[in-house]
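Written out below as structure tokens is the structure these notes cover.
Every number in this text was worked out from the coordinates using simple rules, so none of it is lab data. Not measured: the values here are computed from a predicted model. Cβ placement follows ideal geometry from the backbone for every residue including glycine, while neighbour counts extend to all protein chains displayed.
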Amino acid sequence: MKTSKKLLVRALNGETLKTPPVWLMRQAGRYLPEYRAIRKNARNFLHFCYTPDLAVEVTLQPIRRYDFDAAIMFSDILVIPDALGQQVQFKEGEGPVLEPVRNVEHIKALSSQGVLDHLSSVFEVLSSLRKELPDDKTLIGFAGAPWTVAIYMVEGRGGTQGERARIWAYQDPQSFSSLIDLLVETTTEYLINQIDHGAEVLQLFDTWSGLLAEEQFERWVIDPTRRIIEGVHKVHPDVPIIGFAKGSGLLVEDYVRKTGVAGISLDCNVPLSWVKDVLQPRVTIQGNLDNQLLVAGGDQLEIGVQKIMANLNTGPFIFNLSHGIVPQTPPEHVARVVECIRSY
Ligand code: 1CP
């Protein structure tokens, strides 16, 4: 099937569909027994991401089980710091641990030279997926947005409020911007190559954009995102890019106007009537079922799905979550959501 005929791409090109395309952030992951079975044999998480056979297999698992409209390649946003030469580890039960970047010398020690070679297995995963995916499914590539990746690079671990990065950005914006610029340049090349290898849609994850005050948001979220999208579109003008500026509240309107995203992935703390009236006329909406309601299940789950459908399925729309599926999610709740959307 031609890419432009696929449901996800049609929605991103502004079409209102009777039944919206559906995929869920972190649709591959520990809530699935078939994922855990493969994961337990992998040496470590990064090695798992870099082993094409395994990454392809776990990408396809949720497509087989739920018939989602799109597959997101299995990888992680932290492969970029790893490829830049920063030490990155995923510790069991602890999450990512990085050798922190805290000053100009640390930034200078990073190198964008071998990044694409280092990530060649990711491109292999995409090429294989394009061959193996059912014809009507869209293949999504992704990267972390510079601000969110920088937070992990500077803090050295998850579970922070990005304090060090935020203070650095205020105290010495010039040196902090050299880190952001390096990420803009590297991420742009990385995404262009993802498209060259079969990605049909891209998503930029800015999970921690909601930590920033208005001017900082403009400088460290909007501007780098706009530059990446411009750079990608210079080479591949027709590939739609979805932005996930999580937690950014009302600032998301500016993000939509200035970055060039074709779709905006929303979390669940935005009023749906505002989304419908203000955002949806400009951009395709993706979202925004509370990922904890997906754990909770029951009647509330179906009511939640229907409320989103009633508000947002009257314009260009992609069904998704507020944030990724968590490991405690009962797999049968995911099946109910898909059924509920398709029988709406
Ligand atoms: O052991 C495991 O299985 C590790 C769990 C896990 C998984 C399944 C991690 C570690 N990463 C992933 C895959 C992943 N990460 C995908 C795959 C595709 C899919 O959606 O199915 C994607 C898109 C990501 C992106 C990602 N990684 C983000 C952005 C999206 C989001 O959820 O906010 C972030 C912030 C990360 C960092 C990361 N990687 C892994 C963990 C536990 C974390 C979060 C650390 C933290 O801040 O606490």
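Determine the distance separating the Cα centre of segment 251-324 from the Cα centre of segment 155-180; give it in Å without decimals.
So the two Cα centres are separated by 29 Å.
For segment 23-182, what ratio Rg/Rh do Cα atoms give with a Kirkwood hydrodynamic radius?
Here the Rg-to-Rh quotient is 1.01.
Sort 250-257, 5-12, 215-222, 103-110 by packing, meaning the average of other beta carbons within 10 Å per residue, with the highest value first.
Most protected by this proxy first, the peptides run 5-12, 215-222, 250-257, 103-110.
Quick one: Cα convex hull volume of segment 153-294, Å³ per residue?
125 Å³
Would you mind ranking Ile77, Ile303, Ile241 by Cβ crowding within 10 Å, fewest neighbours first?
Final ranking by Cβ density, sparse to dense: Ile303, Ile77, Ile241.
Using the number of other C-beta atoms within 10 angstrom as an exposure proxy, rank Thr19, Thr59, Thr188, Thr314 with the fewest first.
By the 10 Å Cβ count, ascending: Thr314, Thr19, Thr188, Thr59.
Return the distance in nm (one decimal) between the two label points of a simple spin-label model at Val104 and Lys258, each offset 7 Å from Cα along Cα→Cβ.
Calculated label separation equals 2.7 nm.
Rounded to whole Å and sorted largest first, list the principal axis extents of the Cα atoms in segment 266-344.
35, 24, 16
Percent antiparallel among DSSP beta bridges with both residues in the chain, to the nearest 5?
20 percent
Let's test the formula: R0 of 22 Å, r as the Cβ-Cβ distance of His233 and Ser127. What FRET efficiency results, to the nearest 0.05?
0.50
Past 25 Å, Cα to Cα: identify those pairs from Lys18/Lys307; Lys40/Lys246; Lys5/Lys234; Lys2/Lys234, in the order given.
With Cα atoms farther than 25 Å apart: Lys40/Lys246.
Compute the semi-axes of the equivalent ellipsoid of the chain, taking the square root of 5 times each eigenvalue of the Cα gyration tensor, and list them largest first in whole Å.
Result for the chain: semi-axes of 29, 23, 20 Å.
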